[in-house]
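Trainee: Quick one: structure below, then a few questions.
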């Protein structure tokens, strides 16, 4: 649905993006992760036909970004990281303006605008001036305008930037709903927590290079060289700590109150052996959690060159 082939963008002696190869399958919610200046927005601007490549190609919905720009534009809903609204317009007029730009007939526009406002939960703001909306409602309105022509692909650059925690949760819920409707979504962000619980796949970009990408579960497995467990003790905590401290594959141990967090260079079988050893020492615990790596763990390991 989205593909980049050897995409490179240079500005004089500066290489913003270098030899980027990426494929995002239909129906994915792809998280494009990287710090500010990593090249995310440059890549997005190329995909939405606003920027020429120094070399390489891009495809969206089967259309060539360079050779078929109008077909690409009809296929995407683009929400930039910075946007403005037109003062003096009411909410429905703002959406009608964009729908008309896509040459949607008048009667169809009325129906579509109503459906989009219902989906984004802004119907109650229909006749309000766009300039009077809160930041969260403005964000919803700009997401709504990307949907008026029912594009199969959404490309969203920092869509939760500047929002309060509640508004961020609402936007993420909308993204999940849009994916359930069959949309393919690329969302760029430098805030890792924004993407960890909603993306099906991720790509990590730093200094213009794509370091790692793939389904999020596969990425987690690739970087999970050690296992991290968290144990909350009920009885004989001293024995439990002793078992952990003398473990031959212990990498790190932190104890806080009745809770211990250990990093061990073991696999599933090794964790089972640890459970057996605790039982032999009659250690009682209320929880034994095999902790999954976080998106922050992935990013730090990858950017430090820990994953090839």
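The values are calculated or read from the model by the stated rules, or taken from the named source; none is laboratory data. Only a predicted model underlies this, so the values are computations on that prediction, with no experimental measurement involved. Cβ atoms come from the backbone with ideal geometry, glycine included; neighbour counts cover every protein chain shown.
Trainee: Of 39, 58, which residue is modelled with pLDDT of 95 or more and crowded, with 21+ Cβ neighbours inside 10 Å?
Mentor: 58
Trainee: List the residue pairs whose Cβ atoms are under 9 Å apart, where the first residue sits in segment 53-69 and is at positive phi, the second is buried (at least 19 other Cβ atoms within 10 Å of the Cβ) and part of a loop (DSSP other than H, G, I, E, B), and the two are 6 or more positions apart or on different chains.
Mentor: Close Cβ pairs satisfying both conditions: 61/1; 61/151; 62/1.
Trainee: Turning to a different aspect of this structure: Looking only at segment 254-284, count every residue that is at positive phi and surrounded by 12 or more Cβ atoms within 10 Å (Cβ to Cβ) and tell me the total.
Mentor: Residues flagged as at positive phi and surrounded by 12 or more Cβ atoms within 10 Å (Cβ to Cβ) within segment 254-284 amount to 0.
Trainee: Name the residues in segment 223-253 that are closer than 18 Å to residue 286 by Cβ and exposed (fewer than 14 other Cβ atoms within 10 Å of the Cβ), would you?
Mentor: 234, 235, 238
Trainee: While we're here: Quick one: residue 144 ticks every box in (1) part of a loop (DSSP other than H, G, I, E, B); (2) touching a helix residue (DSSP H, G or I) at 6+ places or on another chain (Cβ under 7 Å); (3) modelled with pLDDT of 90 or more bar one, so which box is it?
Mentor: (1)
Trainee: Something else about it: So how many residues does segment 1-33 have that are at positive phi and either touching a helix residue (DSSP H, G or I) at 6+ places or on another chain (Cβ under 8 Å) or free of Cβ contacts under 8 Å to residues at least 12 places away in the same chain (or both)?
Mentor: Total meeting the criteria: 2.
Trainee: Within segment 110-141, count every residue that is part of a helix (DSSP H, G or I) and surrounded by fewer than 17 Cβ atoms within 10 Å (Cβ to Cβ).
Mentor: Within segment 110-141, residues that are part of a helix (DSSP H, G or I) and surrounded by fewer than 17 Cβ atoms within 10 Å (Cβ to Cβ) number 10.
Trainee: Do we have any residue at all in segment 78-97 that's in the same structural domain as residue 163 (by TED's automatic domain parsing), touching a residue at least 60 places away in the same chain (Cβ under 8 Å) and in contact with a helix residue (DSSP H, G or I) (Cβ under 7 Å, 6 or more places away or on another chain)?
Mentor: For segment 78-97, residues in the same structural domain as residue 163 (by TED's automatic domain parsing), touching a residue at least 60 places away in the same chain (Cβ under 8 Å) and in contact with a helix residue (DSSP H, G or I) (Cβ under 7 Å, 6 or more places away or on another chain): present.
Trainee: Here's something else I'd like to know. Of the numbered conditions (1) surrounded by fewer than 22 Cβ atoms within 10 Å (Cβ to Cβ); (2) more than 21 Å from the chain's Cα centre (by Cα), residue 21 satisfies every one except a single condition; which is it?
Mentor: If we test residue 21 against (1) surrounded by fewer than 22 Cβ atoms within 10 Å (Cβ to Cβ); (2) more than 21 Å from the chain's Cα centre (by Cα), just (2) comes out false.
Trainee: Within segment 130-144, which residues are in contact (Cβ under 8 Å) with a residue 60 or more places away in the chain and within 17 Å of residue 184 (Cα to Cα)?
Mentor: 143, the sole residue that qualifies.
Trainee: Something else about it: Any residue that is surrounded by fewer than 16 Cβ atoms within 10 Å (Cβ to Cβ) and closer than 15 Å to residue 296 by Cα - is there at least one of those in segment 211-220?
Mentor: yes
Trainee: Tell me, which residue of segment 154-167 that is out of contact with any helix residue (DSSP H, G or I) (no Cβ under 7 Å at 6 or more places or on another chain) and buried (at least 18 other Cβ atoms within 10 Å of the Cβ) is modelled with the highest pLDDT?
Mentor: Once the filter is applied, the top-ranked residue is 156.
Trainee: Out of the residues in segment 206-217 meeting the condition of being in a strand (DSSP E or B) and within 19 Å of residue 184 (Cβ to Cβ), tell me which one is modelled with the highest pLDDT. Walk me through it before giving the result.
Mentor: Kept after step one, since they are in a strand (DSSP E or B), are these residues of segment 206-217: 206, 209-215.
Now restrict to residues that are within 19 Å of residue 184 (Cβ to Cβ): 210, 213-215.
On the way: 210: 90, 213: 87, 214: 86, 215: 87.
Filtering segment 206-217 for residues that are in a strand (DSSP E or B) and within 19 Å of residue 184 (Cβ to Cβ), the one modelled with the highest pLDDT comes out as 210.
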